[in-house]
Each structure stands twice: as C-alpha cells, then as structure tokens.
1. Can you give me the number of residues within the stretch 8-41 that are small (Gly, Ala, Ser), in contact with a helix residue (DSSP H, G or I) (Cβ under 7 Å, 6 or more places away or on another chain) and under 23 Å from Ala61 (Cβ atoms)?
2. For the stretch 96-107, state whether one or more residues are farther than 21 Å from Glu10 by Cβ, buried (at least 18 other Cβ atoms within 10 Å of the Cβ), out of contact with any Phe, Trp or Tyr (no Cβ under 9 Å at 6 or more places or on another chain) and basic (Lys, Arg).
3. Could you grab the pairs with beta carbons closer than 7 Å, sequence gap of 6+ or different chains, first residue in the stretch 78-90 and of a type in the set (A, V, I, L, M), second one at pLDDT 95 or above?
4. I'm checking my understanding of the structure. Among residues of the stretch 108-138 that are without any contact (Cβ under 8 Å) to a residue 24 or more places away in the chain and polar (S, T, N, Q), which one is surrounded by the most Cβ atoms within 10 Å (Cβ to Cβ)?
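The values are calculated or read from the model by the stated rules, or taken from the named source; none is laboratory data. As the structure is a prediction and not an experimental result, all values here were calculated from the model. So basically every Cβ, Gly included, is an ideal-geometry build from the backbone, and we count neighbours across all protein chains shown.
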Amino acid sequence: MSDTEKFLQEAFAGESQANRKYASFAEMADKEGLHQAARLFRAAAEAEAVHAANHLRAMKAIKSTRDNLKEAVSGEDHEWEKMYPEMISAAEREGQKGAKMSFHFANEVEKIHSVLFGGMSAATDSQESYPYYVCPYCGNTVARQAPHACQVCGADGALFKKVE
C-alpha cells in the first residue's frame with residue numbers, strides 16, 4: 001500500500017470521527033441552550049462528512065450497490081463475531097460497566113445490520129419501499145415500523161427515529 005493510500009485511509013477515519021464527534025457536541029450544546037454553538041458544530045460536522053466522502057471516493061472505495069452490500073455484511077459480521085466480543089471481555093475484565101454496555105449494544109445491533117444488509121443484497125431489484133427506524137440509545141435498526149419497545153435496550157419504540 002502506498003503512502004497516499006495509507007493517508008487516505010487515515011484521513012477518512014479522522015474526518016468520519018470528527019463528523020460524529022461534532023454532531024454529538026451539537027446535541028449537548030442544544031441541551032445547554034447554546035444554539036449558535038450547536039449550529040456551528042452541526043456545520044463543521046457536515047463539512048467533515050464532505051471531507052470523508054471525498055477521501056472515500058479518492059480511495060475508489062465506493063463500488064456497485066451489490067458490492068457495497070457484500071462489503072457491509074462482511075464488515076458487520078467482523079464486528080459482531082470478533083471485534084466487539086473482545087472489547088466486551090476487556091471492559092468486563094476492567095470493570096468498565098458503561099463501556100461494556102456500549103459495546104454490547106453495538107454488538108447486538110451489528111448482527112441485525114448484517115441481516116438487513118444480507119436481505120437487501122438478495123432483494124436489490126425489488127421496488128418495495130419502506131422506512132427504517134433507529135433506536136436513539138442503542139442504534140437498533142428495524143424496517144417498516146418502530147417496535148413498541150426496543151428488543152436490544154428496552155427503550156420506548158415511540159423514541160425511534162424514522163429514516164426514509
């Protein structure tokens with residue numbers, strides 16, 4: 001791998017992390033009533049997302065939808081089969097309850113994402129259209145309608161965010 005390829009991967013990861021961090025900072029600023037600071041964080045988050053997408057395109061990492069779905073399944077499977085179990089064990093061993101819960105929620109949801117991506121892979125030619133709903137606490141993702149309660153963390157289904 002060339003230095004440029006390594007730098008593109010590093011830049012993509014950094015910009016992606018900054019995007020999510022700034023989005024979270026914006027939420028806190030809004031909760032604190034600091035709405036202009038929240039707007040700035042959201043604007044910066046959007047700019048970081050543009051940078052990340054540009055780096056991803058420069059890496060030629062966006063393929064056909066069928067190929068992207070296969071890659072998504074592979075990535076999700078790696079996370080729930082290998083990555084998160086190791087992290088859960090470490091957090092448990094070190095007595096880090098909050099980290100363990102965060103890793104556990106992500107692990108459970110990655111299994112669901114793998115199934116959703118796999119199902120979409122088999123149905124890419126379908127013309128069916130429906131929304132998805134995402135739990136704001138654990139990230140659980142469900143198709144068509146929000147559940148009464150999240151099957152991963154127990155949150156009220158009315159809190160799920162609709163994604164169209």
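1. Total meeting the criteria: 4.
2. Within the stretch 96-107, one or more residues are farther than 21 Å from Glu10 by Cβ, buried (at least 18 other Cβ atoms within 10 Å of the Cβ), out of contact with any Phe, Trp or Tyr (no Cβ under 9 Å at 6 or more places or on another chain) and basic (Lys, Arg).
3. Met87/Phe103; Ile88/Lys100; Ile88/Phe103; Ile88/His104; Ile88/Asn107
4. Ser126
One line per residue, one yes/no per condition, for (1) charged (D, E, K, R); (2) at positive phi; (3) under 19 Å from the mean Cα position of the chain (by Cα):
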residue	(1), (2), (3)
Ile62	no, no, yes
Thr65	no, no, yes
Glu71	yes, no, yes
Glu79	yes, no, yes
Met83	no, no, yes
Ala90	no, no, no
Lys100	yes, no, yes
Lys111	yes, no, yes
Asp125	yes, no, no
